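See structure below.
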Amino acid sequence: MTADDLLAMPASAYMNTAQQAFFRDLLLAERSALQLRIASEFEQLREQEPSSDPADIGAAEEQRQWQLRLLEREKRLLDKIDQALERLARGEYGWCADTGEPIGLRRLLLRPTASLCIEAKERQEQKEKHQA
């Protein structure tokens, strides 16, 4: 099944077995690719050789900090993928955690880990903006 096949389905088929299987496969593929990237980043961090040149040390430390931030982001994404897979297993995937309304196939195709519909996400962002 392709994304076009998914979008061609009637609205009444929302989160049917075929759609759930599509998103499960998509999430598992993303999870696997992400785990490979994380392992590769860790390997690069381990392989960095120390230098005695102060300029090289500074550049290497900056690169190391960048890699650590990237790993942190990827770990958070891995957690979101695991949460989405858990929602799928519970039959809650594709439904807004705030309103209970459908999140929508187009949004899920763009962000398979989404747990909020657009309206709820916009409200959350507005609240965060006002609190900041």
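All of the numbers you see were taken from the coordinates with simple rules; none came from a lab. This structure is a prediction, so every number in the text was calculated from the model and none was measured.
What value does the chain have for Rg/Rh, both radii from Cα atoms and Rh as Kirkwood defines it?
Values: Rg = 19.6 Å, Rh = 17.3 Å.
Result: Rg/Rh = 1.13.
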Q.
Mean Kyte-Doolittle hydropathy of -1.0 or higher plus an axial Cα length of 30 Å or more: which whole DSSP H helices in the chain meet both?
A. 17-47, 54-90
